[in-house]
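Taken together, the values in this text are just the output of simple stated rules run on the coordinates, not laboratory data. Remember, it's a predicted structure, so these values are computed and weren't measured experimentally. Don't worry about glycine lacking a Cβ; one is built from the backbone with ideal geometry, like all the others, and counts go over all protein chains shown.
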Amino acid sequence: MINIENLSKSFQTKTDTFHALKNINLKIKKGELIVIYGESGSGKSTLLSIIASIMKPTSGKVLVEGENIVSYSDIYASEYRKNRVGFVTQSFHLFDELTLHDNLLAPLVIQALTKAQIEHNIDKALLIANISHKKSQKVNTLSGGEKQRAIIARAIINNPHIVICDEPTANLDADNSLVFIETLKDLKARGKTVIISTHDPIFEAQEFVDKVIFIKDGSLV
Amino acid sequence: MLNKLNFLLILLITYRKKHLSIFILSTLLIALMSSVLFISSSIKKDIFSTLENQADFTVQKYVAGRVLNAPESWIDEFYTIDGVQNVQGRIYGTHYYEPAEQYFIIVGLDFYDTQVIKEMKTLVEGIDMDDFLAKKNMIIGSDVKKFLDEYHYFDYYTFRPPDRSIEKVYIYDKLKSSTDIVSGDMIIMDIANARKILGVEDGTFSDIILQAPNLKERETINTKLRVSHFDMRIIQKNDIQNYYENLYNYKGGLFLSLFIIVFMSFGLILFQRYSMISSVDAKEVALLRLSGWKINEVLWFKISENFIVILSAYFSGIFLAYFYVYFLNAPLLKNIFLGYSNLGSSTIFSPSFTLSDLVLIFLSFVIPFLLAIIIPLWRVSIKEPTEVMR
């Protein structure tokens, strides 16, 4: 269960204060898949970044299983990102020069795992993301869709409860978007809580979506 | 730990081009700085090993800014001073070698005087005295030999003393290379031959040397010598050592200039590294943070990555400098430090450096390098990963 209470985020510019999020209240049940719709600059990515604990809000709480992750120090926030949340970034942020396998090592080498366990986790994540066949290939040689699946594999490598996807189909064509949706269904079937921010209409009228939320100018509408 | 090390090696190999350029540049700078220190250390060692057996005091007759021959009577006079031992007159002077337009230093030694031989032990060690004195012989420095060979004086050389006679002196042997720094342009011969060739009248010497074994008495002896004659110049062994020490110490003159140049070059590289963190580095940090790495884990990882590179450069630089100075005999740099003046030096550097030299290089390069890398990376790592990747 994720419980967001009175969440606000402001950015201070040289001349002005920009309110990215204004008093957001939201409840997301465990295993739910929710889609947050909104235009560019509406505050979607900011909201996801705060839920993923890579950004601190100006005020408010984000309670995950009863713990307010907003109050976490860097050590606890890192632990939270490492074990409990996977983040699918908007752009294809990967170690471009490394192979897909080596990209997936990054979240694993800080865990107390044996080499065999690491390889097992990598194989499992690649299988779920349906990209096992590109395991030894450098990611800069992968297509856009394959890179997106690589990022999904990285996001779920530590078997997190929550998977956050920020504009996941923004750089995908229609076919790859449909493949991605199949992956999301699979994640939901595995009991993951999935939060997606998008302005792609492809998520509309999808049966597996539990809740659709609209955000505009930093407020839920 | 092993998993992290494995990942570290993967990144090092993957980004080898970037690391290689830093490695090469750092190796060259460390090698240059180490070479300077090695040369300085080697020169000092050679000088002090040669000067070690020198007399404690050298006394010259000095009138109106010119050095004149000292009277033999001073020897008996100096013996009357308490604490003074082994007072001797020396014969030496310069010889102008016209074919190469060079000056050689002729030193006359009394080979029957055991004290003299002890003092010059470093230079004349291993010479068979009886054989040497059987005819008019001389032992020559490396540079002298080089110039004599150039004009085919392989066996002997003919001097023209001031009395216009002809003195044919045979080349008996070459002085040891390790003493080249002070003896490269030196010719050692029997005192009688030297007196004749240099035109030093009987009853006088070029200068007079004496020993004062008790350190505590030296200042008093110095004062007594100074007041005994107004036309006298006194040079102590310490003065000579200090002179050479200052001349070749890395803190002085050319050494300091080179050090400053090396440090400024290094400083510029560091400044560039400090002020411009590459987008690849920033993205790498952001991705690691996003994957759950703590700030200290990211920093230790980056320190390790760069430490491997700079430490490899450090050892390579030291090795390169050692090879350059002690095996190749420091071409180019040698001429900067020893100069082209008088004779082109044939000095061969003998291995000599201290642990503090190596620590100095380590602290001067490795620590600032790591700081210049880590501070901007730390700045990136405390930012929100999405902000860095945006």
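Of all DSSP beta bridges located in the range B:57-211, what percent are antiparallel, nearest 5? Before the final figure, lay out the partial values.
Working: 26 of 35 bridges.
Here the antiparallel bridges make up roughly 75 percent for the range B:57-211.
A:Thr114 to B:Phe48: FRET efficiency via 1/(1 + (r/R0)^6), r the Cβ-Cβ distance, R0 51 Å, to the nearest 0.05? Display every interim value, and only then the final one.
On the way: r = 60 Å, r/R0 = 1.17.
After rounding to 0.05, the efficiency reads 0.30.
Quick check on the protein assembly as shown: of the DSSP beta bridges with both residues there, what percent are antiparallel, nearest 5%? Walk me through the intermediate numbers first.
Values: 49 of 76 bridges.
Expressed as a percentage, antiparallel bridges in the protein assembly as shown total about 65.
Among A:Asp74, A:Asp166, A:Asp16, determine the one that fluctuates most according to a GNM of chain A built with springs between C-alpha atoms less than 10 Å apart.
A:Asp16
May I ask for log10 I(q)/I(0) of the range B:1-119 at q = 0.22, 0.23 Å⁻¹, from a Debye sum over the Cα atoms as equal point scatterers with solvent left out?
Log10 I(q)/I(0), no solvent term: -1.28, -1.32.
Using only the alpha carbon atoms of the range B:57-211, find the Kirkwood hydrodynamic radius as the inverse mean reciprocal pair distance, in angstroms to one decimal.
Values: mean 1/r = 0.0613 Å⁻¹.
The answer is 16.3 Å.
Expressed in whole Å with the largest first, what are the equivalent ellipsoid semi-axes of the range A:2-122 derived from the C-alpha gyration tensor as the square root of 5 times each eigenvalue? List each step's numbers first, then the result.
Details: eigenvalues 176, 65, 42 Å².
Square roots of five times the eigenvalues give 30, 18, 14 Å.
Against the longest principal axis of chain B, how steep is helix B:16-51, in degrees 0 to 90 to the nearest 10, with axes from Cα atoms?
The answer is roughly 20 degrees.
Determine how many Å³ per residue the convex hull of the Cα atoms of the range A:101-182 encloses.
On the way: hull volume 7.8 nm³, N = 82.
Spelled out: Cα convex hull of the range A:101-182, divided by residues, is 95 Å³.
Please list, in chain and number order, the residues 5+ apart from B:Ala70 or on another chain whose amide H is under 5 Å from its amide H, with Hs placed from the backbone.
The list, which skips near neighbours in sequence, is B:Lys61, B:Phe205, B:Ser206, B:Asp207.
Can you find, among B:Ile91, B:Leu287, B:His229, the residue sitting farthest towards the positive end of the charge dipole of chain B, where Lys and Arg contribute +1 and Asp and Glu -1 at Cβ?
Of B:Ile91, B:Leu287, B:His229, it is B:Leu287.
Would you please give the FRET efficiency between B:His229 and B:Leu360, computed as 1/(1 + (r/R0)^6) with r the Cβ-Cβ distance and R0 = 35 Å, to the nearest 0.05? Working shown, then result.
Numbers: r = 46 Å, r/R0 = 1.32.
Once rounded, the FRET efficiency stands at 0.15.
Taking the Cα centre of chain A as origin and charging only Cβ (+1 Lys, Arg; -1 Asp, Glu), how large is the dipole, in debye to the nearest 20?
Details: 26 positive and 25 negative charges, 106 e Å.
Here chain A has a charge dipole of around 520 debye.
At 0.36 nm per residue, minus the direct Cα-Cα distance, what do B:Glu201 and B:Trp300 gain on full extension? Give it in nm, one decimal, please.
On the way: separation 99, 0.36 × 99 = 35.64 nm, distance 7.70 nm.
So the extension gain works out to 27.9 nm.
Helix B:2-14: angle to the longest alpha-carbon principal axis of chain B, degrees 0 to 90, nearest 10?
80 degrees
Using the Cα centre of the range B:57-211 as the reference point, and only Cβ charges (+1 on K/R, -1 on D/E), how large is the resulting charge dipole? Debye, rounded to the nearest 20.
That gives a dipole near 280 debye.
Along Cα→Cβ, 7 Å out, is where each label goes; now give me the distance between the ones at B:Thr80 and A:Asp175 in nm to one decimal.
A separation of 11.6 nm, rounded to one decimal place.
Quick one: helix B:295-322 against the long Cα principal axis of chain B, what's the angle to the nearest 10°, folded into 0 to 90?
Once rounded, the angle reads 30 degrees.
When B:Met186, B:Met129, B:Met232 are ordered from fewest to most other Cβ atoms inside 10 Å of their Cβ, what list results?
Details: B:Met186 22, B:Met129 11, B:Met232 17.
With the sparsest Cβ surroundings first, the list reads B:Met129, B:Met232, B:Met186.
Counting other beta carbons within 10 Å of each Cβ, put B:Val36, A:Val212 in order, fewest first.
A:Val212, B:Val36
Would you please classify the overall shape of the range A:51-157 from the alpha carbon gyration tensor, given that a ≥ b ≥ c denote the square roots of the eigenvalues, rounded means a/c under 1.5, and beyond that prolate means a/b larger than b/c while oblate covers the rest? Mind showing how you got there, number by number?
Working: a/c = 2.51, a/b = 1.73, b/c = 1.45.
Note, shape of the range A:51-157 comes out prolate.
Over all distinct alpha-carbon pairs, what is the Kirkwood Rh of chain B in angstrom?
Values: mean 1/r = 0.0396 Å⁻¹.
Its Kirkwood hydrodynamic radius stands at 25.2 Å.
For chain B, modelled as a Gaussian network with Cα springs under 10 Å, which listed residue fluctuates most, B:His19, B:His229, B:His95?
Greatest mean-square fluctuation among the candidates belongs to B:His229.
With each pseudo-label sitting 7 Å past Cα toward Cβ, what's the A:Ser136-A:Lys61 distance in nm, one decimal?
So the label points at A:Ser136 and A:Lys61 sit 5.2 nm apart.
Would you mind checking B:Lys61/B:Lys237; B:Lys136/B:Lys196; B:Lys44/B:Lys176; B:Lys176/B:Lys237 for any pair whose Cα atoms are more than 20 angstrom apart? Working shown, then result.
On the way: B:Lys61/B:Lys237 17 Å; B:Lys136/B:Lys196 12 Å; B:Lys44/B:Lys176 16 Å; B:Lys176/B:Lys237 22 Å.
As for pairs spanning more than 20 Å Cα to Cα, those are B:Lys176/B:Lys237.
Let me have the 222 nm mean residue ellipticity of the protein assembly as shown computed from DSSP H runs of 4+ only, each contributing -39500 (n - 2.57), with the sum over all residues rounded to the nearest 500.
Values: 23 runs with 286 residues, N = 611.
Computed mean residue ellipticity for the protein assembly as shown: -14500 deg cm²/dmol.
May I ask you to work out the translational diffusion coefficient for the protein assembly as shown at 10 °C, viscosity 1.306 mPa s, via Stokes-Einstein with Rh from the Kirkwood sum over Cα pairs, reported in whole µm²/s? Walk me through the intermediate numbers first.
Numbers: Rh = 31.0 Å.
Answer, rounded: 51 µm²/s.
Using the count of nearby Cβ atoms within 10 Å as a rough guide to exposure, how do A:His93, A:His199 rank from fewest to most?
Arranged by neighbour count, lowest to highest, A:His93, A:His199 become A:His199, A:His93.
Using a Gaussian network for chain B with springs between C-alpha atoms less than 10 Å apart, which of these wobbles most: B:Tyr151, B:Tyr92, B:Tyr322?
B:Tyr151
Determine the dipole magnitude for the protein assembly as shown: charges of +1 sit on the beta-carbon of Lys and Arg, -1 on that of Asp and Glu, nothing else is charged, the reference point is the Cα centre, and the result goes in debye to the nearest 20. All intermediate terms of the calculation are to be shown ahead of the outcome.
Working: 64 positive and 66 negative charges, 580 e Å.
Here the protein assembly as shown has a charge dipole of around 2780 debye.
Can you report the principal axis dimensions of chain A using only the alpha carbons, biggest first, rounded to whole angstrom?
If we take the Cα atoms of chain A, the spans are 47, 39, 37 Å.
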